[in-house]
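Here is the structure we will look at.
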Amino acid sequence: MGCVDMKVPSSTKGDFEPCPIFRVFAAALQVGDEIDALVAEIGHQLRKENGCFSIEGSPEWDVKEDGTDWSYRAATIHFGLSIRRVGGRGRRKRDRYLTLRFDLFREASQPASSWPHAQKALLVVAFEPYAGRASRWGHSQLAVSAIGRPHDAAVITECECLSGGRLLEWSESRQSSRWSERSWFFAVPLSSLKSPDDVSRNVVKPVAALLGDKKPEQALSGTDAVTWMM
């Protein structure tokens, strides 16, 4: 899963050799299969976490856009969560959202960007603690530019870099000391998610730690989370 080597059917028998267009679309179809498998693995691992949160219902695709009628540059999916305060036995807080944006392609800046992830497919992992679909992270808000920051001007203005530049937090959510009640996101290269252990280390465990109100430095330690250029 996650940007594994593509195996495109081929032949050495002259005219039976696949043309470049065929190869490109075969690879694109395999990317789609890999994304579906990755979503399933993340959901499976999240449901197994014995923490302060649980998955509610099935994940919901928001949009697959930023492209043409022939291809998509990105896709976004939302997991509904319910949260219980650490050590608490009270009623769970529902309608929180964990959002995943598969940021697959972005235009290279001119001159070439110095950000090492400018031409890498990324998984953006975002949490929104405020109830209601209208307030969850939107597809366009999580779009990544080739210079290592969000495309959205409001997100650039309102977010602050933490954990050595690896976590972006919406500043208005800092009224709470609990990370399970604050809005944030981080990103990891899809090429870092080749096995279930990689998914656990880079996605599920950091999310579980932050929702358990661990500090970002601790939650993202040992991950391949990218450093934002803010």
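Read the figures in this text as sums done on the coordinates, not as results from a lab. Computed from a prediction, not measured in an experiment: that's the story for all the values here. A quick note on method: Cβ atoms are made from the backbone with ideal geometry, for glycine too, and the neighbour counts reach across all protein chains shown.
Here the spin labels are modelled as points 7 Å beyond Cα on the Cα-Cβ line, and at V63 and A40 they lie 2.8 nm apart.
Each of W228, W115 was scored by other Cβ atoms within 10 Å of its Cβ. Arranged with the fewest first, they read W115, W228. Once the C-beta distance of D33 and A153 is scaled by a Förster radius of 35 Å, the resulting FRET efficiency is 0.50 to the nearest 0.05.
Count charges around F127 for me, please; just the other residues with Cβ under 11 Å from its Cβ, Lys/Arg as +1, Asp/Glu as -1.
0
For D95, the residues 5 or more places off, or on other chains, whose built amide H falls under 5 Å of its own are L81.
Put a plus charge on the Cβ of each Lys and Arg, a minus charge on the Cβ of each Asp and Glu, and nothing anywhere else: the dipole of region 99-215 about its Cα centre is then about 280 debye.
May I ask you to list the residues of region 17-54 whose amide nitrogen lies under 20 Å from a point 7 Å from Cα along the Cα→beta-carbon direction of S195? Answer for region 17-54: 34-35, 37-46.
Ordering R149, R136 by the number of other Cβ atoms within 10 Å of each residue's own Cβ, fewest first, gives R149, R136.
Apply 1/(1 + (r/R0)^6) to the Cβ-Cβ distance of E56 and D224, taking R0 = 35 Å, and write down the FRET efficiency to the nearest 0.05. It comes out at approximately 0.80. Our estimate of slack between E160 and S71, defined as 0.36 nm per intervening residue step minus the Cα-Cα distance, is 28.8 nm. Taking R0 as 35 Å, what FRET efficiency do you get between Q119 and R178 from their Cβ-Cβ distance, rounded to the nearest 0.05? After rounding, the FRET efficiency stands at 0.45.
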